[in-house]
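Below is one structure, written out as structure tokens; the observations come after it.
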Amino acid sequence: MQRVIVIGAGILGASIAYHLARGGAQVTVLAATIGGTATPNSFAWINASWGNDPIYFRLRFDSLNRWRKLEQEIPDLGVSWGGSLTYDMSEEDLRTFAVEFGSRGYPLRLVDAGEALKLEPHLLTPPRLAVHAAAEGSVEPNLATAALLKASAARIVQTTVHGLDLIGHRVNSAMTADGPIEADHFIIAAGTGTAALLATIGVSLEIDAPPGLLLHTLPIRRLLRGLIIAPDIHMRQAPTGEIVAGSDFGGSAPDLGPVAVAAELMDILRKTVRGTENLGLARYSIGYRPTPKDTLPIVGRIPGVVGAYVAVMHSGVTNAPAIGAYVAEDVLGDRQNALIAPYGTERFL
């Protein structure tokens with residue numbers, strides 16, 4: 001049985017651990033924070049439609065469909081399939097968007113104001129034109145991460161990982177606050193902490209961490225059926241009743257100060273959704289999104305280093321099921337899925 005250590009316990013690390021365990025590996029997950037740091041602060045939109053080139057689209061669309069498969073395998077995953085209504089671009093761009101992604105087989109369509117209001121009856125000012133993507137949804141990231149870790153039956157060790165110990169050209173152990181832990185393979189899925197860990201074995205990989213603020217309202221009766229991607233605000237309603245919103249799906253830049261940004265978003269929300277006039281703010285959260293230089297995923301082995309594998313990206317929520325499956329196939333069976341072939345570490349090293 002192959003021993004695999006996954007460093008990172010966000011949604012990406014949890015999915016990798018789950019799929020490795022299903023492949024027969026003995027899995028240990030190491031993380032300072034169980035549940036991750038970026039994952040809990042994610043807008044958690046499951047989609048394949050947002051500005052993706054045809055190659056990356058295929059990966060994301062595959063992962064979207066794998067979310068539905070995971071629902072059948074794991075109870076209490078926290079996924080909601082309400083579709084999305086997008087109108088944060090010009091009508092010309094919306095038409096282009098619908099034609100382009102429709103030609104790829106993506107289930108979306110243009111809708112007018114009347115149809116938009118039927119889909120989302122509480123919009124105060126329905127758009128004249130929007131794109132409705134019926135297959136999209138969202139997930140409660142904390143629930144999904146916990147469910148994946150539980151289903152993996154992996155050994156979970158809450159500890160700080162200081163680095164990797166390299167003997168010759170092979171990674172031998174993870175150096176932790178509790179001492180070294182050995183394994184046959186080491187998957188680094190540590191989000192914004194990935195670059196620092198790789199630096200301990202002499203590998204330089206630049207990963208940005210732009211901040212994004214999301215507001216979380218007090219619970220309210222069901223007002224939103226799906227995700228709303230409007231010009232000044234992106235929002236969804238969780239099963240608990242809270243509305244989660246930012247100026248885009250990555251959150252709002254908190255440059256003006258988080259309190260002021262959250263207050264502005266609440267004002268926009270109240271002017272956008274009927275029934276929120278007296279809705280209160282419960283809290284805001286600021287997440288730091290792990291983003292490679294070219295904004296695309298990094299998934300693969302490190303040339304010249306045996307036993308080390310990297311998986312880091314923004315859009316970890318959408319991509320988690322597919323990346324988990326691909327990494328397990330690659331590490332345990334030495335079969336690289338064609339959908340991750342363009343995203344290896346070689347393009348930066």
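Listed values, structure above:
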item: Selected residue [more than 16 Å from residue 319 (Cα to Cα) and in contact with a helix residue (DSSP H, G or I) (Cβ under 8 Å, 6 or more places away or on another chain)] from 99, 27, 79; result: 27
item: Residue check for residue 262: open to solvent by less than 10 Å² (accessible area, probe 1.4 Å) and touching a helix residue (DSSP H, G or I) at 6+ places or on another chain (Cβ under 7 Å); result: no
item: Filtered residues of region 38-68 (kept if of a type in the set (Asp, Glu) and not in a helix (DSSP H, G or I)); result: 53
item: Members of region 162-172 found to be open to solvent by 20 Å² or more (accessible area, probe 1.4 Å) and either in contact (Cβ under 8 Å) with a residue 12 or more places away in the chain or not β-branched (Val, Ile, Thr) (or both), listed by number; result: 162, 165, 166, 168, 169, 170, 172
item: Single unsatisfied condition, residue 136 versus (1) among the acidic types (Asp, Glu); (2) surrounded by fewer than 19 Cβ atoms within 10 Å (Cβ to Cβ); (3) under 18 Å from the mean Cα position of the chain (by Cα); result: (2)
item: Those residues of region 333-344 which are in contact with a Leu (Cβ under 7 Å, 6 or more places away or on another chain) and either surrounded by 24 or more Cβ atoms within 10 Å (Cβ to Cβ) or assigned to a helix (DSSP H, G or I) (or both), in sequence order; result: 343
item: Where residue 108 falls short, out of the listed (1) closer than 26 Å to residue 241 by Cβ; (2) surrounded by 16 or more Cβ atoms within 10 Å (Cβ to Cβ); result: (1)
item: Residue match in region 55-63 (condition: open to solvent by 10 Å² or more (accessible area, probe 1.4 Å) and modelled with pLDDT under 95); result: yes
item: Residue tally, condition in a strand (DSSP E or B) and in contact (Cβ under 8 Å) with a residue 60 or more places away in the chain, over region 173-198; result: 8
item: Unmet criterion (only one of (1) closer than 27 Å to residue 20 by Cβ; (2) open to solvent by less than 10 Å² (accessible area, probe 1.4 Å); (3) not in a strand (DSSP E or B)) for residue 201; result: (2)
item: Of all residues in region 45-54 being open to solvent by 10 Å² or more (accessible area, probe 1.4 Å) and in contact (Cβ under 8 Å) with a residue 12 or more places away in the chain, the one that is farthest from the chain's Cα centre (by Cα); result: 54
item: Single unsatisfied condition, residue 216 versus (1) open to solvent by less than 40 Å² (accessible area, probe 1.4 Å); (2) closer than 18 Å to residue 163 by Cβ; (3) not aliphatic (A, V, I, L, M); result: (2)
item: Failed item, numbered, when residue 159 is tested on (1) modelled with pLDDT of 95 or more; (2) open to solvent by 60 Å² or more (accessible area, probe 1.4 Å); result: (2)
item: Condition check for residue 270: open to solvent by 10 Å² or more (accessible area, probe 1.4 Å), at pLDDT 95 or above, closer than 17 Å to residue 39 by Cβ and not in a loop (DSSP other than H, G, I, E, B); result: no
item: Where residue 117 falls short, out of the listed (1) over 30 Å from residue 85 (Cβ atoms); (2) without any contact (Cβ under 8 Å) to a residue 40 or more places away in the chain; (3) of a type in the set (A, V, I, L, M); result: (1)
item: Filter result for the condition that a residue is open to solvent by less than 20 Å² (accessible area, probe 1.4 Å), in contact (Cβ under 8 Å) with a residue 12 or more places away in the chain and assigned to a loop (DSSP other than H, G, I, E, B), over 300, 324, 250; result: 250
item: Within region 1-24, considering residues that are surrounded by 24 or more Cβ atoms within 10 Å (Cβ to Cβ) and small (Gly, Ala, Ser), the one farthest from the chain's Cα centre (by Cα); result: 17
item: From the options 90, 42, residue that is of a type in the set (S, T, N, Q) and either open to solvent by less than 40 Å² (accessible area, probe 1.4 Å) or over 24 Å from residue 248 (Cβ atoms) (or both); result: 42
item: Matching residues, region 25-37, being crowded, with 23+ Cβ neighbours inside 10 Å and assigned to a loop (DSSP other than H, G, I, E, B); result: 25, 36
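The values are calculated or read from the model by the stated rules, or taken from the named source; none is laboratory data. Since this is a predicted model, take the numbers as computed values, not measurements. Cβ sites come from the backbone with ideal geometry, for glycine too, and all protein chains shown count toward neighbours. Just the protein is used for accessible areas: all its heavy atoms, side chains included, with ligands, DNA and RNA removed. Shrake-Rupley method; radii C 1.70, N 1.55, O 1.52, S 1.80 Å.
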